[in-house]
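Enquirer: Provided herewith is a single structure, encoded as structure tokens, for subsequent inquiry.
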Amino acid sequence: MLPVPECRLLVAAAWSDYALLDSGSGAKLERYGAFRVIRPEPQAMWRRTLLEREWLAADAIFEAGSAEDSGHWRCPKPLPESWPISYPGRVGSITLAARLTPFRHLGLFPEQASHWDWAAEKIATARATGRTARVLNLFAYTGAASIAAALAGAEVTHVDASKKAIAWAKENQTLSGLGERSIRWIAEDAVAFLRREVRRFKSYDGIFLDPPKFGRGDQGQVWKLFDDLPEVLALCRQLLAPEALFLVLTTYAIRASFASLHYLLEETLEDLGGTIESGEICLAEEATGRILPTALYGRWGAG
């Protein structure tokens, strides 16, 4: 009988430019740099802790529409088009451009900082022995994981189907003080890229993947998480080098479970040894320490 996986909660706690100030009644109040924003959060079913005046002082409020991920921002006073947010990573400080998007987020996902630090330490440890890790970031969006890996000393390949997202990631690269050659940028459908890399017998020492629940590639390819993730992980397994360091999978698909990711990783990577852990990545409220889970993860590490 297979052992029952343990659900581990990873709490991103080292931020100074970001804070989860409060949550409840289906929403969360956050601070990004100097600005406070309110966004919908269905999992926040409890009562709010802060007084109403704290919520009313928000600089931007995302008002959800009738369809999933639809809606608009309401700003009581003008905000800059973008502003820098810094994270003091364990092997180098990351700076990212925050801005309001039509998809209710601000171009960065603070809860993923736990993964950035974990992977960066593995990369830096390998580099201390004279080994330069090759890292692949799939569905890479605005590139926080790519930048963390590059700062730790990796050669990074960043893949996203959106040219607009890659332009934003390049802006973050500059803000973080990285040279232009530190990251290889690929604007392409992730699955098509993986298949081509397998045909070319390429290999990587570390892989990040943060696939959406649903998406379309640059040529109309349809991505469905529950249908396509097994193939993507199988392709990633073929690309992992014999002495690979890590693989990190994150998903915001609310119908999945951490156990589903755990067993899929276990099945796909069973010949590698190492350790698989899974659970939820979380944020902690600044005032109360109450934990707000935001996404599921599974990750494999060598050794």
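The values are calculated or read from the model by the stated rules, or taken from the named source; none is laboratory data. Treat the numbers as computed from the prediction; the structure is a model and nothing was measured. Glycine gets a Cβ as well: all are built from the backbone with ideal geometry, and neighbour counts include every protein chain shown. Quick note on the areas: whole protein, heavy atoms, side chains included, nothing else; ligands and nucleic acids left out. Shrake-Rupley method; radii C 1.70, N 1.55, O 1.52, S 1.80 Å.
Enquirer: About its Cα centre, what dipole magnitude does the chain give when the only charges are +1 on Lys and Arg Cβ and -1 on Asp and Glu Cβ, stated in debye to the nearest 20?
Expert: Using only the charged Cβ atoms, the result is roughly 580 debye.
Enquirer: What ranking of T129, T250 comes out by heavy-atom accessible area, probe 1.4 Å, highest first?
Expert: Final ranking, largest accessible area leading: T129, T250.
Enquirer: Continuing with the same structure: Give the shape of region 167-216 as rounded, prolate or oblate, defined through the alpha-carbon gyration tensor: a ≥ b ≥ c are the square roots of its eigenvalues, a/c under 1.5 means rounded, and otherwise the shape is prolate if a/b is larger than b/c and oblate if not.
Expert: Verdict is oblate for region 167-216.
Enquirer: I'd like the Karplus ³J(HN,Hα) series for region 122-135: coefficients 6.51, -1.76, 1.60, θ = phi - 60°, whole numbers in Hz, and an x wherever there's a Gly or Pro.
Expert: My calculation for region 122-135 gives 5, 5, 5, 5, 5, 5, 5, 9, x, 9, 9, 6, 9, 10 Hz in order.
Enquirer: Using only helices, what value at 222 nm comes out for the chain when you add -39,500 (n - 2.57) per DSSP H run of length 4 or more and divide by the total residues, to the nearest 500 deg cm²/dmol?
Expert: Estimated from H runs of four or more residues: -8000 deg cm²/dmol.
Enquirer: To test your reading of the geometry: what angle, between 0 and 90 degrees and rounded to tens, separates the Cα axis of helix 258-268 from the longest principal axis of the chain?
Expert: Tilt relative to the chain: about 10 degrees.
Enquirer: Still on this model: Rounded to the nearest 5, what % of the DSSP beta bridges within the chain are antiparallel ones?
Expert: Beta bridges within the chain, antiparallel portion: roughly 60 percent.
Enquirer: Continuing with this model, one more query. Give the residue from L50, H262, L9 lying farthest towards the positive end of the charge dipole for the chain; charges sit on Cβ (+1 for Lys and Arg, -1 for Asp and Glu) and the dipole is referred to the Cα centre.
Expert: Checked the options; the winner is L50.
Enquirer: So how do R195, R90 rank on accessible area, 1.4 Å probe, biggest first, that is with the largest at the start?
Expert: Of R195, R90, the descending order of accessible area is R90, R195.
Enquirer: Evaluate the charge dipole of region 80-180 about its Cα centre and quote only its size in Debye, nearest 20, assuming +1 on the Cβ of each Lys and Arg and -1 on the Cβ of each Asp and Glu.
Expert: 140 debye
Enquirer: Note the full-extension length gain between A14 and E188 as 0.36 nm times their separation in residues minus their Cα-Cα distance, in nm to one decimal.
Expert: 59.3 nm
Enquirer: What number in nm² do you get for the chain if you take the convex hull of its Cα atoms and divide its surface by four?
Expert: 16.2 nm²
Enquirer: Please list, by residue number, every one of the GluC sites (Glu not before Pro) in region 23-90 that is coil in DSSP and has at most 16 other beta-carbon atoms within 10 Å.
Expert: Of the GluC sites (Glu not before Pro), the ones in loops of region 23-90 whose Cβ has at most 16 other Cβ atoms within 10 Å are E68, E81.
Enquirer: Chymotrypsin sites (Phe, Trp or Tyr not before Pro) within region 245-289: which are DSSP loop residues with at most 14 other Cβ atoms inside 10 Å?
Expert: Those that pass, being in a loop and sparsely packed, number zero.
Enquirer: Using a Förster distance of 51 angstrom, determine the FRET efficiency expected from the C-beta separation of T129 and A64, and round it to 0.05.
Expert: About 0.55, to the nearest 0.05.
Enquirer: A further question on this structure: Using Cα positions and a limit of under 16 Å, work out the aspartates and glutamates in reach of K202, with same-chain residues fewer than 8 apart set aside.
Expert: Within reach: E155, E243.
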